[in-house]
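What follows is a single structure, written as structure tokens, with notes after it.
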Amino acid sequence: MKKLYLIGGPMGVGKTTVCQALKRRLPNSVFLDGDWCWDSSPFQVTEETKAMVMDNICHTLNNFLACSAYENVIFCWVMDRKNILDQLTSQLHLDGVESHAFSLLCTPDELTRRLEADIAKGLRQPDVVARSLERLPLYDALNTRKVDTTGQTVAEVVQNIVGTYN
């Protein structure tokens, strides 16, 4: 049976890194990062752009879900509210698909450390720390499997995800 892994978490928690490793670990896998559908300059959040991005994500995910070449479809994004997950899953063709939702989390200190390392490398802007820390508590209210990445290696986080349903 085809599996869909929905991986959420605040900016800087390690979603992309974990999903890339998960893609290498699972057979016949494909990975999509929701940020790829919203990489614009300037970054504009309007009702129109939000609807367009969700449509692009769902269209792309549905194509991968329908493709017989892939057994595992892995998707990550900052899915910090129930309505985001609900809207996403309501537009996906999930017949014959086993869907699993995870939230990657870590302590505020760990998240700050990771983000500051990215800022020092020029990968992120300084304002990301406050924005990411504000979102961290929102994941508690979601019906997802929480994975605390604090002090874990990428391989350990992947094993935690894979070991849950395989």
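Rule-based calculations on the coordinates, nothing more; no lab input. On a predicted model such as this, the values are computed, not experimentally measured, just so you know. So basically every Cβ, Gly included, is an ideal-geometry build from the backbone, and we count neighbours across all protein chains shown.
Below are the figures for this structure:
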item	result
Lys pairs, the chain - Cα-Cα below 25 angstrom, 8 or more residues apart or on other chains	16
Under-5 Å amide H pairs with Thr107, H placed in peptide plane, nonlocal only	Thr150
Ratio Rg/Rh, restricted to the range 54-130 and using Cα atoms, in which Rh is the Kirkwood radius	1.08
Extension reserve of the Gln87-Ile119 stretch, reckoned as 0.36 nm per residue once the Cα distance is removed	8.3 nm
Value of D in µm² per second that Stokes-Einstein yields for the range 2-157, Kirkwood Rh from Cα pairs, at 37 °C (0.692 mPa s)	203 µm²/s
Residue order, fewest to most surrounding Cβ atoms within 10 angstrom, among His100, His59	His59, His100
Packing-based exposure ordering (other Cβ within 10 Å, fewest first) of Phe75, Phe64	Phe64, Phe75
Which of Tyr5, Tyr139 has the fewest Cβ neighbours within 10 Å, and the rest in rising order	Tyr139, Tyr5
Efficiency of FRET between Asp39 and Asp109 - r from beta-carbon atoms, R0 25 angstrom, step 0.05	0.30
Net charge dipole size for the range 2-157 [Lys, Arg +1 and Asp, Glu -1 on Cβ; Debye, nearest 20]	380 debye
